[in-house]
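The next block holds one structure in the form of structure tokens; read it before the comments.
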Amino acid sequence: MKLFEYQAKDAFAERGIPVPKRRVCETVSQAVEAVAEMGLPCAVKSQVLRGGRGKAGLVKLVKSSAEAHDYAEALLTGPLGAAHGVKKVLVEEAVDIARELYLSITVDPQAATALILACADGGVEIEELARTAPEKIIREKVDIDTGLLPFQARNIAYALGFDADGVKKFVPLLESLWAVFRAKDAELVEINPLFVTGSGALVAGDGKLVIDDNSAFRQGGAEPSREYFDSDVAYEAAVEGIPYLQFDGDISLMCAGAGLTTVVYDLVNYEGGSVANYLEFGGPNYKKAVRAMELCLVNDPKVILIVTFGTIARADIMADGIAEAIAKLKPRCPIVACIRGTGEEKAVETLKAVGLEPLFDTEEAVRKAVALAKASTEDKTSTRSGGRS
Amino acid sequence: MSIFIDRTDRVLVQGITGGEGSFWTKHMMELGTQVVVGVTPGKEGQSVEGVPVYHTIRRAVAIKPANAAMLFVPPRFTKDAVFEALDAGIKKIVTIADGIPLQDAIQIRKAAISCGARVVGGNTSGVISPGLAMMGMFPYWIERVYTPGRIGVMTRSGSLTNEVTAMVVRAGFGVSSLIGVGGDPVPGTRFAEMLPDYQADTETDAVVIIGELGGTMEEEVADAMLSGVFKKPVVAFLGGRTAPAGKRMGHAGAIVTGGKGSVKDKIEAFEKAGALVADRPRMVGDLLAKIMEAR
């Protein structure tokens with residue numbers, strides 16, 4: 001789970017990483033108050049999970065209280081904020097910036113270590129850096145059990161060009177960031193940019209903290225909260241534990257098996273169709289067909305495409321669930337089903353009994369779904385009476 | 001000869017008394033796998049499919065020596081279970097757990113490397129040599145997928161393995177040994193680490209790699225081909241070619257991060273190394289037919 005900047009900075013501050021003086025605000029009046037407290041100029045930053053906030057106009061250095069008021073209003077009550085789902089802004093004191101650095105900790109799956117990445121050119125996305133100037137990225141592998149050793153922190157500090165005084169500030173900061181990485185079961189901790197101020201102090205300009213979902217049970221069991229998702233249905237799926245991605249096309253994917261669902265997504269695109277949502281109800285969720293179809297129907301899809309090839313996720317049990325879902329939810333759109341694997345003979349009988357024509361070939365099922373979606377676009381009235389296929 | 005597991009291996013099952021553990025123990029034995037002993041803390045004295053159960057691996061192997069461990073253990077206890085197997089000197093370990101904490105996975109892989117052991121998984125169906133033996137949970141009775149033959153398969157996905165392997169069989173081939181490395185960002189064993197085994201295996205003519213977006217395992221296979229470590233033909237099928245940037249597609253490992261892991265890069269690497277890349281599952285069978293005809 002990716003946390004908001006203000007949450008990442010709170011976690012940083014707890015471990016002693018210097019962060020700017022700041023306040024989280026949910027209303028314009030709170031923001032105006034916070035600006036008065038921080039003094040002018042100061043930064044007003046929308047709290048959204050997407051990257052590239054600067055380019056999208058979602059952060060701004062404001063120079064007057066009128067500007068602060070208008071900008072906070074645009075983010076919290078205006079169309080700009082609404083377009084990006086802004087619910088909170090962070091008002092932050094301005095920092096006297098002399099240099100910007102990049103610093104992050106992630107894992108190296110091949111070496112089976114943690115991996116620290118640093119770069120003397122901060123403020124740019126690491127993807128961009130990896131592409132344009134890979135030689136500028138400083139890498140240090142860290143044994144996850146031994147932990148970060150001071151010499152490793154010094155390796156990075158000197159490579160970043162710090163003088164002796166700067167090294168004395170950088171080493172403890174990196175040790176604190178390491179502590180955050182381990183304590184929070186992070187997939188990624190990132191400070192980008194890490195500011196070096198005119199007086200040589202270090203300050204975390206931004207903060208990114210992505211907590212490993214598989215560690216949620218030992219991270220206080222953080223329940224998913226609506227603000228982390230881009231739609232209600234994506235949030236409901238997460239609560240249910242069903243992998244779900246929101247798109248805006250015609251065909252709802254209700255598939256089982258992560259790899260297979262991804263390939264069905266590709267095949268729909270190859271065939272010129274478009275996906276309304278990616279939903280994977282395999283693994284532990286294979287008995288949740290009713291809930292899965294309910295989530296798909298929220299998108300009012302033109303077609304529901306069901307493709308499975310399961311082992312433990314038994315075909316016959318999934319077919320029972322699909323039959324129950326159809327009886328209960330009475331979907332108006334056509335359903336294309338291709339269910340194979342353990343118990344498929346019985347599954348075929350079940351699906352036929354509820355009026356479906358089960359298919360056995362994934363590509364054929366995809367082509368049929370795309371054709372039905374196109375037919376539905378061309379003649380909307382016929383879908384209403386066309387029934388299922 | 002088969003890869004990783006054959007009928008001479010003596011398999012210990014951790015979590016043997018659970019629903020999945022007992023169900024798949026039965027099937028592993030039916031296929032011909034030698035399951036000699038089981039472990040579930042608190043359940044010593046019971047037996048599953050005639051296999052005696054002990055509290056700990058130490059007690060189990062003192063009476064029934066084993067050289068391989070199959071884990072049906074929930075993700076949060078997987079690190080403990082893998083270390084228990086390593087502590088007993090077991091060098092072949094398969095874990096199916098889906099949801100192993102990322103930093104645990106790093107510790108598991110590191111420990112396996114330092115013990116000279118091989119941990120396959122998590123988030124996998126396991127390892128199978130059709131007609132011979134398996135560690136894991138494959139519906140080997142579905143003949144249009146699990147037909148014995150001379151094509152090696154390595155995969156990051158269970159459901160896609162069924163889909164793609166069915167196309168291998170449809171084209172008239174069968175499977176020698178199939179290794180599911182799993183869909184996690186930090187698998188215990190990586191594709192390229194199994195290639196020397198496939199190279200040495202006299203019963204494997206070619207290898208199918210079922211990969212997807214995320215990570216660099218496919219690129220490592222291409223490197224092994226270029227450096228001459230692996231010389232047999234490779235057909236690759238990759239999921240997530242049209243996946244949007246920054247989205248995690250199903251598997252925890254299926255995401256492009258830090259500019260690495262796009263399917264485009266993987267295809268480029270494979271093509272440079274002389275592997276054939278299939279656009280669609282069906283093409284895997286067609287490409288194999290083309291290669292084998294040319295040989």
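The values are calculated or read from the model by the stated rules, or taken from the named source; none is laboratory data. Quantities reported herein were computed from a predicted structural model and do not represent experimental measurements. Note: ideal-geometry Cβ built from the backbone for every residue, glycine included; neighbour counts use all protein chains shown.
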Legend entry - Top-ranked residue in region B:141-160 [being facing chain A (nearest Cβ under 10 Å) and in contact with a helix residue (DSSP H, G or I) (Cβ under 6 Å, 6 or more places away or on another chain); ranked as modelled with the highest pLDDT]: B:Thr155
Inset, instruction - Would you mind finding the one in B:Gly250, B:Gly246 that is more than 22 Å from A:Ala256 (Cβ to Cβ), assigned to a loop (DSSP other than H, G, I, E, B) and within 14 Å of chain A (Cβ to nearest Cβ)? - result: B:Gly246
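Test A:Cys296 against the criterion of being part of a strand (DSSP E or B) and modelled with pLDDT of 95 or more, and give yes or no. Talk me through it step by step, then tell me what you get.
Numbers: part of a strand (DSSP E or B): no; modelled with pLDDT of 95 or more: yes.
Here the answer is no, as A:Cys296 does not meet what is asked.
Out of the residues in region A:355-378 that are in a helix (DSSP H, G or I) and within 14 Å of chain B (Cβ to nearest Cβ), which is nearest to A:Ala337 (Cα to Cα)?
Here is the first cut: in region A:355-378, the residues in a helix (DSSP H, G or I) are A:362-378.
Filter again for within 14 Å of chain B (Cβ to nearest Cβ), leaving A:362-367, A:370.
On the way: A:Thr362: 9, A:Glu363: 12, A:Glu364: 10, A:Ala365: 7, A:Val366: 10, A:Arg367: 12, A:Val370: 13 Å.
The selected residue is A:Ala365.
Residues in region A:311-334: is at least one touching a Phe, Trp or Tyr at 6+ places or on another chain (Cβ under 6 Å) and of a type in the set (A, V, I, L, M)?
yes
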Legend entry - Enumeration of residues in region A:155-177 that are among the hydroxyl-bearing types (Ser, Thr, Tyr) and closer than 16 Å to A:Val189 by Cα: A:Ser176
Legend entry - helices (runs of 4 or more DSSP H) lying entirely in region A:62-181 (those with 2 or more residues that are within 13 Å of chain B (Cβ to nearest Cβ)): A:126-132
Legend entry - The listed residue being more than 27 Å from B:Arg118 (Cα to Cα) and surrounded by 18 or more Cβ atoms within 10 Å (Cβ to Cβ), out of B:Ile267, B:Ile210: B:Ile267
Inset, instruction - Would you point out the residue of region A:318-347, among those that are within 14 Å of chain B (Cβ to nearest Cβ) and among the hydrophobic types (A, V, I, L, M, F, W, C), that is farthest from A:Tyr265 (Cα to Cα)? - result: A:Ala347
Inset, instruction - Determine the pairs where a residue that is more than 13 Å from A:Ala327 (Cα to Cα), located within region A:341-354, has a partner that is of a type in the set (Phe, Trp, Tyr) with Cβ atoms under 7 Å apart, the partner being 6 or more residues away or on another chain. - result: A:Gly341/A:Phe309
Legend entry - Set B:Ala85, B:Ala105: member being outside any strand (DSSP E or B), under 20 Å from the mean Cα position of the chain (by Cα), touching a residue at least 60 places away in the same chain (Cβ under 8 Å) and within 14 Å of chain A (Cβ to nearest Cβ): B:Ala105
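Anything in region B:161-180 that is within 11 Å of chain A (Cβ to nearest Cβ) and either touching a strand residue (DSSP E or B) at 6+ places or on another chain (Cβ under 8 Å) or assigned to a strand (DSSP E or B) (or both)? List them, or say none.
Keep residues of region B:161-180 that are within 11 Å of chain A (Cβ to nearest Cβ), which gives B:161-167, B:170, B:180.
Matches in region B:161-180: B:Thr161, B:Asn162, B:Glu163, B:Val164, B:Thr165, B:Ala166, B:Gly180.
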Legend entry - Residue count for region B:172-206, restricted to those that are touching an Asp or Glu at 6+ places or on another chain (Cβ under 7 Å) and aliphatic (A, V, I, L, M): 1
Legend entry - Index of the failed condition, A:Gly259 passing every other in (1) surrounded by fewer than 20 Cβ atoms within 10 Å (Cβ to Cβ); (2) at pLDDT below 95: (1)
Inset, instruction - Looking only at region A:258-279, decide whether some residue is in a loop (DSSP other than H, G, I, E, B), without any contact (Cβ under 8 Å) to a residue 60 or more places away in the chain and within 14 Å of chain B (Cβ to nearest Cβ). - result: no
Legend entry - Residue that is more than 14 Å from every other protein chain (Cβ to nearest Cβ), touching a residue at least 60 places away in the same chain (Cβ under 8 Å) and either in contact with a His (Cβ under 8 Å, 6 or more places away or on another chain) or farther than 14 Å from A:Val354 by Cα (or both), where the choices are A:Val290, A:Val303: A:Val303
Legend entry - Residues of region A:201-249 satisfying the condition of being within 13 Å of another protein chain (Cβ to nearest Cβ), aliphatic (A, V, I, L, M), touching a residue at least 24 places away in the same chain (Cβ under 8 Å) and not in a strand (DSSP E or B): A:Ala216, A:Ala237, A:Ile242
Legend entry - Residues of region B:10-46 that turn out to be closer than 18 Å to B:Thr56 by Cβ and either touching a helix residue (DSSP H, G or I) at 6+ places or on another chain (Cβ under 7 Å) or not in a helix (DSSP H, G or I) (or both), as a count: 21
Legend entry - Among the candidates A:Tyr71, A:Tyr6, residue that is touching a residue at least 60 places away in the same chain (Cβ under 8 Å), among the hydroxyl-bearing types (Ser, Thr, Tyr) and crowded, with 16+ Cβ neighbours inside 10 Å: A:Tyr6
Inset, instruction - Check whether at least one residue in region B:121-131 is closer than 30 Å to A:Ile105 by Cβ, within 12 Å of another protein chain (Cβ to nearest Cβ) and assigned to a strand (DSSP E or B), and report yes or no. - result: no
Legend entry - Residue selected from region B:213-225 under the condition over 15 Å from the mean Cα position of the chain (by Cα) and at the interface with chain A (Cβ under 9 Å from one of its Cβ atoms), by the criterion surrounded by the fewest Cβ atoms within 10 Å (Cβ to Cβ): B:Glu220
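Given the structure, is A:Tyr228 of a type in the set (Phe, Trp, Tyr), touching a Phe, Trp or Tyr at 6+ places or on another chain (Cβ under 9 Å) and modelled with pLDDT of 90 or more?
no
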Inset, instruction - Run B:Ala97 past the list (1) of a type in the set (Gly, Ala, Ser); (2) touching a Lys or Arg at 6+ places or on another chain (Cβ under 9 Å); (3) surrounded by fewer than 24 Cβ atoms within 10 Å (Cβ to Cβ) and report the number of the one that doesn't hold. - result: (3)
Inset, instruction - Answer yes if at least one residue in region B:137-145 is within 20 Å of A:Gly343 (Cα to Cα), assigned to a strand (DSSP E or B) and of a type outside the set (S, T, N, Q), and no otherwise. - result: no
